[in-house]
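The values are calculated or read from the model by the stated rules, or taken from the named source; none is laboratory data. Remember, it's a predicted structure, so these values are computed and weren't measured experimentally. All Cβ positions, glycine included, derive from the backbone under ideal geometry; neighbour counts span all protein chains shown.
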Amino acid sequence: MNANRRRQIEDHIDSRRRKRKGMFLTVICLMHEYYNAYIDRSPCMTSSYIGDKWVGELLAGHPTRFFNMFRMRKTIFIDLLELLMGAHDLHGSSRTTPREVLAITLFILSQNESMRGAMERFQHSSETISKYFSIGLSALVSLSYHAIRPIDYKFEQTPAEISKDARYMPFFKVAFIGRCGSPTQNVMAVCDFNLCFTFLKAGWESSAHDSQVFKSATRDPNTKFPHPPTGKYDLVDAGYPLQRGYLKPFPDTRYHIPDFARVNNITRGRKEMFNKRHSSLRSVIERTFGVWKKKWVILRDMPPYNFSKQVQIVFATMTLHNYIRRHHSRNDIDFHSVEEDEENVPVEAFEYRLGQSFTEVEDDASTTCTVDGEGASKMAELRERIADAIAGA
């Protein structure tokens, strides 16, 4: 055998030895990982400052700390916990209390905390955090069927915000107001003057036009949309159709309050006078959405959850919004800030409209997609009569 052939055989043998050695080391590593994960099971979350203990400390501590973490007062948290446990299947486990499950849910929603951040804060595995976040969301969605609806379902009363304000009475006797908006999906909501949501239609793709969502919500009997009775109407923005029971502003006319502010609040003609007061009434929508987005940070930068969970998050946070607002304590700084000054609209409400005028946002493409519905001529006549009354006052 010549020297070259001998070297080839030796190199081949060395190569096989190296491969076997590498395979052996790989097996050793896998066995080590298996031992640590399933036999030794050394705990990862070893902090003695466990989640429920932290929640207990916050409940016993300064109220500002608790509010900053969970965006609600202690008394509201305690009442909400009791309600969800009693009627909406909020539960924990042998190692986790329902109180901690609610805290985990609120912590993620209010801080937009990641799963890893919540794992470290509450000292649980990712599977446990994900499980309890889902339980908390489900409980809040269950509550939403009772929380997101009108208090005066028959529209029997004219809101004091209209009846006691000469700018609107007797011109506008509207009870409720509608609009849409969401950073990740198209959401249609109806609000009242108490800054509460009274109807919600969520889950549409963001490309869906406002009028398409509106028609789906108002025509589907399963949605239980709170239609205004005969003789009353909702105020809607330019993205919705003009039809019986829904009064929109004059098209191709200055509308948004910031647009009027840029020209020293000067109105030119009866149509602009009508639109300004219409917009002033509808500013409650921006204030309501502004508080909602300001309080629940997760809405401003939605994590990549599956779409069904994103829809649950919308329902859950609107439910929390209404529950806090309607709580007997009426004690919440976020609501107080917009309640005391109707021109104080949180910037979060204008995330996609900041610095844009009405004509820049409501472009030709959006208005041409909106087809007026049944009764549009009657509502147009009503709009003309109101505009004449305002101009002549």
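Specify which of the listed residues (His209, His227) is under 18 Å from Phe155 (Cβ atoms) and out of contact with any Lys or Arg (no Cβ under 6 Å at 6 or more places or on another chain). If you could, list the steps in order and put the result at the bottom.
Details: His209 fails: under 18 Å from Phe155 (Cβ atoms).
None of the other options fit; the residue is His227.
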| query | Take the residues of region 69-124 that are without any contact (Cβ under 8 Å) to a residue 40 or more places away in the chain and not in a helix (DSSP H, G or I): which is surrounded by the fewest Cβ atoms within 10 Å (Cβ to Cβ)? | reply | Ser94
| request: Could you tell me whether region 202-221 includes any residue that is assigned to a loop (DSSP other than H, G, I, E, B) and in contact with a helix residue (DSSP H, G or I) (Cβ under 6 Å, 6 or more places away or on another chain)? | output: no
| message | Taking the condition of being more than 22 Å from Met273 (Cα to Cα) and at pLDDT 85 or above, how many residues in region 152-202 meet it? | response | 15
